[in-house]
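A short write-up of the structure that comes next.
The values are calculated or read from the model by the stated rules, or taken from the named source; none is laboratory data. No experiment lies behind these values; they were computed from the predicted model shown. Every residue, glycine as well, gets a Cβ built from its backbone with ideal geometry; the counts of neighbours run over all protein chains shown.
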Amino acid sequence: MKRLLSCLHLKNLFNRSNLTNYFGNFFQKRAVSIGAAFFIFSNQNAFILTFVLTIKIKIKVEMMLKKVSSERISTMGESIFTTMSKLAFEKNAVNLGQGFPDFDGYAMIFESAYRAMKEGKNQYAPSPGIKSLRDVISVVNGNHYGVAYNPDTEITITAGATEALYCVMQAFLNSGDEAILFEPYYDAHFADVILAGGIPKFVTLHKPDFSFSIEELEQAITPKTKLIVLNTPHNPTGKVFSTAELKIIAEIAVNHNLLVVSDEVYEFLTFDSVKHFPISKLEGMKERTITISSTGKTFGSTGWKIGYVCAAKGLTDSIRKVHQWTTFAVNTPAQHAMADAFGTLDTYLPDFRALYQNKRDLLYNALKGSEYNPYLPEGSYFMMIDVPHKFDNDVDAAMKLVTEFGVAVIPPSVFYSKSDEGATLLRLCFAKKDETLIKGAENLLKALKV
Ligand SMILES: Cc1ncc(COP(=O)(O)O)c(C=O)c1O
């Protein structure tokens with residue numbers, strides 16, 4: 001009976017809100033024409049009255065929406081990537097903001113996915129992911145890092161790293177638990193902690209080398225700390241955490257009995273002689289580390305949204321509980337294609353790395369010696385540059401660059417919660433065609449001359 005009553009209450013609430021929305025939209029859409037008709041055929045007062053009524057309805061609808069939306073999402077607005085991309089489109093600007101390639105990735109996956117479709121691999125995949133993909137990820141982790149994951153119990157395929165991150169935070173954070181984030185952070189890390197009812201605490205990666213202070217990390221830890229979120233290679237700085245730094249983080253995690261959520265989506269994008277080192281490889285860390293990666297980054301097809309999460313069985317059991325109620329299973333033919341792609345990883349990687357290293361060098365060399373003072377990234381496909389003196393801060397620079405100089409960049413202060421260092425930096429993405437990079441650099445340099 002109680003359940004029935006609460007269902008009815010919910011139903012009423014939705015009916016009411018739909019009605020309010022409907023009439024709100026009805027009046028809003030027609031307000032100008034109704035008002036104009038009154039103005040022409042009646043008098044000016046009628047127009048003013050209609051206008052005031054419309055505003056009132058609009059405020060009412062907004063207040064109603066505020067009431068029904070959960071507190072957890074009250075601070076969430078449009079992401080900076082969406083805002084900057086919209087502006088780039090409107091102003092026909094070169095887009096060095098948007099964080100994904102403007103060209104196709106590994107061509108073999110198209111044929112492979114099509115073959116899987118034609119072979120009838122079109123129904124739900126098993127919830128943890130197809131066996132062949134889990135098997136090959138297990139082999140790749142063994143061969144590249146010497147970390148053994150059981151494909152049946154320790155690897156789960158998700159809808160991009162994004163779903164993996166969401167499931168992990170839901171699986172391990174209770175309301176009020178604290179999570180350490182290194183800032184600048186990837187925005188989903190922050191959002192997922194909040195969505196899980198957690199409290200983010202921050203440790204700053206300081207320029208010029210984006211290193212952190214051990215004291216700052218230790219001070220951020222309290223009895224409520226549950227986990228540390230790591231991202232290496234790092235978006236947005238391009239930093240690759242050194243083994244020495246990872247050892248410090250691991251020691252702190254072990255001493256305080258913390259989990260480490262390690263976002264390694266750019267694991268195969270390191271440059272020069274720099275090597276990616278997964279923290280799970282360190283002694284005592286496999287059982288407390290949840291490692292997340294993405295075939296979207298590795299094979300240059302972010303839109304396919306095939307990610308994965310590797311973690312010890314006990315941790316995986318918890319993650320899979322959330323995954324089954326989030327997406328349950330992930331796109332079947334795309335999983336088959338990614339399994340095939342991983343089968344050729346070792347022949348694919350040298351060209352993939354060389355392609356991105358050339359792009360990094362092109363952009364870096366174009367801006368080197370200018371007031372942008374680019375920071376050479378060791379990994380990922382992002383590069384930080386300084387805000388030149390002619391701009392007030394990163395937001396001012398990003399707005400002027402896109403509106404007046406035809407180039408979109410990301411103002412990274414939105415990825416900082418503690419330090420104001422973000423106001424002195426801009427993020428560029430070099431996963432772009434060479435002509436895009438050349439034109440983007442040209443427009444950036446032009447801005448310095450005006
Ligand atoms: C650090 C980091 N983690 C996770 C993701 C999301 O990955 P996916 O596209 O596989 O969901 C991104 C995408 O930009 C990223 O930069």
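So, in segment 185-202, of the ones that are within 11 Å of the ligand (Cβ to nearest atom) and either in contact (Cβ under 8 Å) with a residue 60 or more places away in the chain or not hydrophobic (A, V, I, L, M, F, W, C) (or both), which residue ends up nearest to residue 418 (Cα to Cα)? Going through the qualifying residues, I end up with 185.
Among the candidates 441, 431, 397, 366, the residue that is among the small types (Gly, Ala, Ser) and either assigned by TED's automatic domain parsing to the domain that holds residue 236 or touching a strand residue (DSSP E or B) at 6+ places or on another chain (Cβ under 7 Å) (or both) is uniquely 397.
Suppose the filter is small (Gly, Ala, Ser), under 23 Å from residue 166 (Cβ atoms), out of contact with any Leu (no Cβ under 9 Å at 6 or more places or on another chain) and in contact (Cβ under 8 Å) with a residue 24 or more places away in the chain; does residue 280 pass it? Spelling it out, residue 280 is indeed small (Gly, Ala, Ser), under 23 Å from residue 166 (Cβ atoms), out of contact with any Leu (no Cβ under 9 Å at 6 or more places or on another chain) and in contact (Cβ under 8 Å) with a residue 24 or more places away in the chain. Here is the figure for segment 420-440: residues that are free of Cβ contacts under 8 Å to residues at least 12 places away in the same chain and either surrounded by 24 or more Cβ atoms within 10 Å (Cβ to Cβ) or closer than 16 Å to residue 104 by Cβ (or both) total 1.
Entry remark, segment 141-154: residues being in a helix (DSSP H, G or I) and either surrounded by 19 or more Cβ atoms within 10 Å (Cβ to Cβ) or not assigned by TED's automatic domain parsing to the domain that holds residue 264 (or both) number 1 in total. With respect to the conditions (1) farther than 13 Å from residue 147 by Cα; (2) surrounded by fewer than 22 Cβ atoms within 10 Å (Cβ to Cβ); (3) in contact (Cβ under 8 Å) with a residue 24 or more places away in the chain; (4) more than 16 Å from the ligand (Cβ to nearest atom), residue 268 lacks only one, and its number is (4). Filter segment 288-299 down to residues that are assigned to a loop (DSSP other than H, G, I, E, B) and under 12 Å from the mean Cα position of the chain (by Cα), then give me how many there are. Residues in segment 288-299 being assigned to a loop (DSSP other than H, G, I, E, B) and under 12 Å from the mean Cα position of the chain (by Cα): 0 in total. Annotation note: of 353, 288, the sole residue that is within 23 Å of residue 103 (Cβ to Cβ), more than 16 Å from the ligand (Cβ to nearest atom) and either modelled with pLDDT of 95 or more or crowded, with 17+ Cβ neighbours inside 10 Å (or both) is 353. The single condition among (1) under 29 Å from residue 350 (Cα atoms); (2) within 12 Å of the ligand (Cβ to nearest atom); (3) in a helix (DSSP H, G or I) that residue 244 does not meet is (2). Restricting the first member to segment 291-303 and to residues that are of a type in the set (A, V, I, L, M), and the second to residues that are within 7 Å of the ligand (Cβ to nearest atom) and assigned to a helix (DSSP H, G or I), the beta-carbon pairs closer than 7 Å and six or more apart or on different chains are 292/161; 292/165.
Every listed requirement among (1) on the phi > 0 side of the Ramachandran plot; (2) touching a residue at least 60 places away in the same chain (Cβ under 8 Å) is met by residue 309 save one, (1). Note on segment 300-327: residues that are assigned to a loop (DSSP other than H, G, I, E, B) and away from the ligand (no atom under 11 Å from the Cβ) total 4. Restricting the first member to segment 49-62 and to residues that are touching a residue at least 60 places away in the same chain (Cβ under 8 Å) and loosely packed, with under 12 Cβ neighbours inside 10 Å, and the second to residues that are of a type outside the set (A, V, I, L, M) and assigned to a helix (DSSP H, G or I), no beta-carbon pair is closer than 6 Å while six or more apart or on different chains. Any residue that is part of a helix (DSSP H, G or I) and within 16 Å of the ligand (Cβ to nearest atom) - is there at least one of those in segment 115-134? Checked segment 115-134: at least one residue is part of a helix (DSSP H, G or I) and within 16 Å of the ligand (Cβ to nearest atom).
Selection of first residues in segment 235-250 that are not assigned by TED's automatic domain parsing to the domain that holds residue 357 and of second residues that are aromatic (Phe, Trp, Tyr), restricted to Cβ pairs under 6 Å at least 6 apart or on distinct chains, gives the following pairs, ordered by first then second residue: 235/186; 235/382; 236/382; 237/210; 238/382; 239/210; 243/277. Candidates are the residues of segment 77-130 that are within 20 Å of the chain's Cα centre (by Cα) and of a type in the set (A, V, I, L, M, F, W, C); the one that is farthest from residue 401 (Cα to Cα) is 103.
None of 215, 154, 178 is in contact with a Cys (Cβ under 7 Å, 6 or more places away or on another chain) and more than 16 Å from the ligand (Cβ to nearest atom) except 154.
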